[in-house]
Amino acid sequence: MAVAAGGCGARVGLAPASPKPRADAPPAAPRTIEETSPALRTALAELARGETAEALRNVAEEYHRLAIFDRAEAYLNRAIRLRPRDSASFDLRARVYRDWGEPDGALGDATRAVYFAPASAGARNTLGTVLFVLGRHDEAEAAFEKALALDPSAAWASSNLCYLALTQGDEARAVGHCERALVADETLVPARHNLALTHAAAGRFDDARREFEAAGSPAQAHYNVGIIHLARRDYDRAVESFDAALRVSPKFDAAFVRAQEARRLAARR
């Protein structure tokens, strides 16, 4: 509340900050995501100035980021009708279908994206992620390697190779790929997380916490390590990690809930 000028903070002539609504006043309409997301609002305003494939794709990108997949698909369908050979639109629609839980539909679009832009490292990477979801790991690895051949600085492809190697139990190869990703882009959070998971899988929890901390806050790092201990059913160490997160951030509600859960599981065991 602003203080009125003229003596001891007197509220002379000030209206209440939040007038009390009349009992019979209709409830305020809920705000839509189009109103509350600045980036989406900007993309829609650009589209209103002229419908192009790029403008439609930008709107779809924002809906995808917000996990509103049906709206993203609708705008991409329009973009592809305008430009039927646009690799970028097929690539984005493949990622929408992948994240929507429709990998079979994603595979067709990812393949089209590569066909229309064979030199695109990004399209190859998307294809690799879809193949991975489908369980076709050898083909996924080949797609990620091709992305790196096209763009040796493609940190995201190296990070994906890291995770793929981790799922196959090849710790040394996973570490090598993650470190290569972080040399290319030290700010790439998924690579930090994948490297942390690799260290945790090998029992190097201090190293895992260090990588999680480099990707976020100390409290979040302790929390993530706690989640790993919880998944491994090491409930006592999970409690220690969640409590450490709470010491750093006493209002970390999720850490408090998980700590209580780990204590109950430890007692039951």
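The values are calculated or read from the model by the stated rules, or taken from the named source; none is laboratory data. Predicted, not measured: the structure shown is a model, and the values here were computed from it. Heads up, the Cβs are rebuilt from the backbone with ideal geometry, glycines too, and the neighbour counts pull from every protein chain shown.
Remarks
- Here is the figure for the stretch 160-172: residues that are in a helix (DSSP H, G or I) and either more than 16 Å from GLU141 (Cα to Cα) or not charged (D, E, K, R) (or both) total 9.
- Residue match in the stretch 207-217 (condition: farther than 20 Å from PHE242 by Cα and not polar (S, T, N, Q)): no
- Matching entry among ASP104, ASP70, ASP91 (being surrounded by 15 or more Cβ atoms within 10 Å (Cβ to Cβ), in contact with a helix residue (DSSP H, G or I) (Cβ under 9 Å, 6 or more places away or on another chain) and acidic (Asp, Glu)): ASP91
- Subset of the stretch 135-155 [among the acidic types (Asp, Glu) and crowded, with 16+ Cβ neighbours inside 10 Å]: GLU141, ASP151
- Every condition in (1) over 30 Å from SER153 (Cα atoms); (2) charged (D, E, K, R); (3) surrounded by 15 or more Cβ atoms within 10 Å (Cβ to Cβ) is met by ARG233 except one, and the failing one is (3).
- Which numbered condition ARG65 misses (of (1) within 26 Å of LEU131 (Cβ to Cβ); (2) surrounded by 16 or more Cβ atoms within 10 Å (Cβ to Cβ)): (2)
- Verdict on PHE132 being part of a helix (DSSP H, G or I), modelled with pLDDT of 95 or more and touching a Gly at 6+ places or on another chain (Cβ under 6 Å): no
- Any chance ARG237 is at pLDDT below 90 and either more than 27 Å from the chain's Cα centre (by Cα) or under 23 Å from ARG210 (Cβ atoms) (or both): no
- Filter pass, ARG95 being within 22 Å of ASN160 (Cα to Cα) and among the basic types (Lys, Arg): yes
- Residue match in the stretch 173-191 (condition: part of a helix (DSSP H, G or I) and in contact with an Asp or Glu (Cβ under 8 Å, 6 or more places away or on another chain)): yes
- When the stretch 247-269 is filtered for residues that are under 11 Å from ALA219 (Cβ atoms) and not in a helix (DSSP H, G or I), the ones remaining, listed by number, are SER249, PRO250, LYS251, PHE252.
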